[in-house]
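To start, the structure under review is shown below, and the notes come after it.
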Amino acid sequence: MRLVVARKPLRRILHGTQRLLFGGAVAMLAYCAFVLIDTWTFQHGEHRQLERVLAARQAVSPTPLVNLPPPTSGLIGRLEIPRLGVSAIVMEGTSSTTLRRAVGHISGTALPGKPGNVGVSGHRDTFFRPLRNIRQGDIVTFTTLQGEYRYRVVSTKVVGADDIAVLHPSESEILTLITCHPFYFVGSAPDRFIVRAERVGNDS
């Protein structure tokens, strides 16, 4: 006994499947393009806004406005790691939209220029991908409306995703950068890569 399958219906099924897969691939590429363009546009716009505000305040007062109340929402500043070529706008909060467009200041942690632990989170496959090559002694610059703050990397480590001890308050001025780990893991990564840096120098 042989099973006979009509060729025309089979061809229609195959053609339909091909069109469905092709349509899905186009939709995925379109979404990736949207994310890249949206992120670039957002970063570019916030960079310009930060520079405009800094220039305007510099014209009014050549010294850092350390007494200016720190922001509690929106634009926090710009994070840079020169050796790694990292330059990213920092926004308040860690919502999915915020982390898609920028790196996020973890609400409830300290802000630059104040004693405490400044927590900053970013995606491992975008802004914080270069952290895989960070080294002890690297300088991290955090530019805010209150001034420019420099931190020197003192350690890196990998912890579990639920380890919140890395965000515990500190009496000294430290900066904690957090991203998912492993860097090339497919799916939701199980661990977190932690960079700890200490404030160096005076306000500039």
Q.
Condition first: over 20 Å from A102 (Cα atoms) and either in contact with a helix residue (DSSP H, G or I) (Cβ under 8 Å, 6 or more places away or on another chain) or modelled with pLDDT of 95 or more (or both). Now tell me which residues in segment 183-195 satisfy that.
A. D191
Q: For segment 77-94, indicate whether the set of residues that are in a strand (DSSP E or B), more than 14 Å from the chain's Cα centre (by Cα) and not hydrophobic (A, V, I, L, M, F, W, C) is non-empty.
A: no
Q. Any residue in segment 156-179 that is of a type in the set (D, E, K, R), more than 27 Å from R57 (Cα to Cα) and not in a loop (DSSP other than H, G, I, E, B)?
A. yes
Q.
Report every pair of residues separated by at least 6 positions or lying on different chains whose Cβ atoms are under 6 Å apart, first residue within segment 179-204 and farther than 12 Å from H123 by Cβ and aliphatic (A, V, I, L, M), second part of a loop (DSSP other than H, G, I, E, B) and modelled with pLDDT of 95 or more.
A. V195/I134
Q. Which residues, taken from segment 130-173, are under 29 Å from F42 (Cβ atoms), small (G, A, S) and surrounded by 15 or more Cβ atoms within 10 Å (Cβ to Cβ)?
A. G147
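Residues are listed down the side, and each one gets a yes or a no for (1) more than 20 Å from I81 (Cβ to Cβ); (2) of a type outside the set (K, R); (3) over 16 Å from the mean Cα position of the chain (by Cα):
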| site | (1), (2), (3) |
| --- | --- |
| A161 | yes, yes, yes |
| I164 | yes, yes, yes |
| H168 | yes, yes, yes |
| E171 | yes, yes, yes |
| T176 | no, yes, no |
| F185 | yes, yes, yes |
| D191 | yes, yes, yes |
| I194 | no, yes, no |
| V200 | no, yes, yes |
Q. What are the pairs, 6+ residues apart or on separate chains, where a residue within segment 66-90 that is more than 24 Å from R100 (Cβ to Cβ) and among the charged types (D, E, K, R) has its Cβ under 8 Å from a residue that is at pLDDT 95 or above and assigned to a loop (DSSP other than H, G, I, E, B)?
A. R83/R135; R83/D138
Q: Might you let me know whether segment 120-129 holds any residue that is surrounded by fewer than 13 Cβ atoms within 10 Å (Cβ to Cβ), at pLDDT below 95 and within 26 Å of T39 (Cβ to Cβ)?
A: no
Q: Mind listing whichever residues of segment 96-124 are in contact (Cβ under 8 Å) with a residue 40 or more places away in the chain, in contact with a Ser or Thr (Cβ under 9 Å, 6 or more places away or on another chain) and in a loop (DSSP other than H, G, I, E, B)?
A: A102, I106, T109, A110, L111, P112, G113, P115, G122, H123, R124
Q) Of P62, P82, P69, which residue is surrounded by fewer than 14 Cβ atoms within 10 Å (Cβ to Cβ) and at pLDDT 85 or above? A) P82
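The values are calculated or read from the model by the stated rules, or taken from the named source; none is laboratory data. Owing to the predicted nature of the structure, the values given are computational and were not obtained by experimental measurement. We place every Cβ from the backbone using ideal geometry, glycine too, and count neighbours over all the protein chains shown.
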